[in-house]
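Asker: Next up is a structure, given as structure tokens.
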Amino acid sequence: MSYKAFLSHSKVSKEDQEFYDLKNKAAEYYRSNGVPQKIENVLNEMFWQKPDDINGYLANYFSRLSYTPVISKITGKEVFDARGLTAVQTEVYCIIRNEEKMVCSAVMSGPSDGLADGVEESGEAFSNSNQQHLSITTALKWIREHLSPMLHGFNPTDQTNADKLLSDFFMERYLEHKDSLNIKEEDELRNESVSEALPQATPTPAPAKDKKGGDKGKKGNSTEKPLPPAETPVPRLPGATAVGVVSLAVAKTAARLRGEPFYRHITSVQSEMHLPLPMITILSCGKNSVGKLNLLEEVILMPSSAQRVREVIGMGLELQCEMRRVLNGSAYKAGPIGVSDEGALQVGFERPEQALDLVTDACANLELPLGSDLCLAINCAAHGLMDYSRGKYEVMSGFHKSPDELVDMYEGLINKYPAITSLIDPFRKEAVGSGVSFLKLGGLRGGERMDKYNRLMAIEEELEQEEILGAKGKKQHLSDVFETPEAAVTL
């Protein structure tokens, strides 16, 4: 007689009946999920392999059978970046083997917020507290109320669809913002039309100039073209940083979950592996330096594509040491030697020729191939040198030059120093589409920057061992990597 038939003909307690039903439910639950078969398989495999760490073997076996981690929530908070400006930090939490864990975080700040270059040109400070506060608070609100619920239960390894959701969300917010600006503009035009309808006093005519004086003014104006006024800053969407920082955090989370470096995870999205070469800032003689010279914000070392990262960094370190040694001598009368925010030597000079002579002499002392395998790029940062009251650029303290005069100055420097191959931001608007395929990582001072250089060298070594980069000396195709804030450069 079966146990079930026995129970039907016997008097059993209620507790025994409940226990029997519970056993049947448990057996059915384990059977429907294939637990007995999986346990049998792992026990058989483990018996033949006889691992030293039995519990570790079991953990690894069942972890491979667990569900794919999904995003449970995304949090955001306000932090400060390396420049002391407010930034947005996001943390991505995932459900991993039935537990919620914080997997990865990302930080983004600065120009990613959409602050236009025209802000500086119009005389407004970049770190305007009200604008920064509005942007940060809006970004945190988006993350908390919209982006976190939107990506709940999402697979972080599906970067394409994640970016599609973020892009659609951004476009909706942008169109809403644009509509609000149009309504505001219509209200302003309506108010202006009402004010123009009111009677106004007749303006007093200005006294006429004599003919001789007018001729002189006309002659003086014909020598130089009138300078266009400062461009009105383009309205940008406050809080746009939230979209970029969440996308970056999701990508870093996917790389962490896959147990691979971030750069390798990016290749699964972009399909091709290209390694950029570093542009090294070796000297800074801009407005923040102690000398009169304002024009040379950065003197940047640009290697050829045939050189390896380790070679370039080694030459950059030797060059900065040699430049410091030369400056300590009697040949150059320079101000105190400091370190700029970019991690380069910061020296005060009176003329641009002094700074370029220093670089040229240091390269000659080290027998570096300046002009062939090594070239120079000059970041003029001219948008910050414009004196709108005069309509000229203050290239040196107390010395102003018109745009035409500045062109002549650039031409003279390039003719005298043929190693200069690129001018960055030579006027108010930086040239677009220069085609430079480099990764600008700043100078060779500061622990954070050196970590980036060390990581770049490690990546190069890994790719060389896998014969992805090819033979040494072979010209490599460089990826188009834009100059980004430090917080966004993550290798």
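Asker: Out of segment 95-122, which residues are open to solvent by 70 Å² or more (accessible area, probe 1.4 Å) and either farther than 16 Å from Arg236 by Cα or modelled with pLDDT of 50 or more (or both)?
Answerer: Arg97, Asn98, Glu99, Glu100, Lys101, Met102
Asker: Is at least one residue of segment 293-305 more than 28 Å from Met409 (Cα to Cα) and modelled with pLDDT under 80?
Answerer: Within segment 293-305 (the criterion being more than 28 Å from Met409 (Cα to Cα) and modelled with pLDDT under 80), the answer is yes, since at least one residue qualifies.
Asker: Output the residues belonging to segment 80-94 that are open to solvent by less than 40 Å² (accessible area, probe 1.4 Å) and not in a strand (DSSP E or B). Give the derivation first.
Answerer: Going residue by residue through segment 80-94, those that are open to solvent by less than 40 Å² (accessible area, probe 1.4 Å) are 81, 85-92, 94.
Hits for segment 80-94 are Asp81, Leu85.
Asker: Could you please give the count of residues in segment 357-375 that are over 17 Å from Ile337 (Cβ atoms), open to solvent by less than 40 Å² (accessible area, probe 1.4 Å) and modelled with pLDDT of 90 or more?
Answerer: Qualifying residue count, segment 357-375: 1.
Asker: Could you list, in sequence order, all residues of segment 13-44 that are aromatic (Phe, Trp, Tyr) and either over 20 Å from Ser66 (Cα atoms) or touching a residue at least 40 places away in the same chain (Cβ under 8 Å) (or both)? Break it down into steps so the answer makes sense when it comes.
Answerer: Filtering segment 13-44 for residues aromatic (Phe, Trp, Tyr) gives 19-20, 29-30.
Those that are aromatic (Phe, Trp, Tyr) and either over 20 Å from Ser66 (Cα atoms) or touching a residue at least 40 places away in the same chain (Cβ under 8 Å) (or both): Phe19, Tyr20.
Asker: Right, something else. Just the residues that are under 17 Å from Ser372 (Cβ atoms), open to solvent by 10 Å² or more (accessible area, probe 1.4 Å) and at pLDDT 85 or above, please, taken from segment 306-317.
Answerer: Passing the criteria: only Met315.
Asker: Among the residues of segment 57-79, write down those that are hydroxyl-bearing (Ser, Thr, Tyr), in a helix (DSSP H, G or I) and at pLDDT 90 or above.
Answerer: We begin by selecting, within segment 57-79, every residue hydroxyl-bearing (Ser, Thr, Tyr); these are 57, 61, 63, 66-68, 72, 75.
When the remaining residues are screened for being in a helix (DSSP H, G or I), the result is 57, 61, 63.
Passing the criteria: Tyr57, Tyr61.
Asker: A follow-up question, please. Would you please name the residue that is farthest from Asn161 (Cα to Cα), looking only at residues in segment 47-77 that are within 32 Å of the chain's Cα centre (by Cα), open to solvent by less than 90 Å² (accessible area, probe 1.4 Å) and of a type outside the set (Val, Ile, Thr)?
Answerer: Gly76
Asker: Would you confirm, using the coordinates I've provided, whether His152 is at pLDDT 90 or above, more than 21 Å from the chain's Cα centre (by Cα), within 28 Å of Phe80 (Cα to Cα) and outside any helix (DSSP H, G or I)?
Answerer: yes
The values are calculated or read from the model by the stated rules, or taken from the named source; none is laboratory data. Bear in mind that the values here come from a model prediction, so they are computed numbers and not experimental data. Glycine gets a Cβ as well: all are built from the backbone with ideal geometry, and neighbour counts include every protein chain shown. All accessible areas refer to the heavy atoms of the entire protein, side chains included, with ligands and DNA or RNA removed. Shrake-Rupley method; radii C 1.70, N 1.55, O 1.52, S 1.80 Å.
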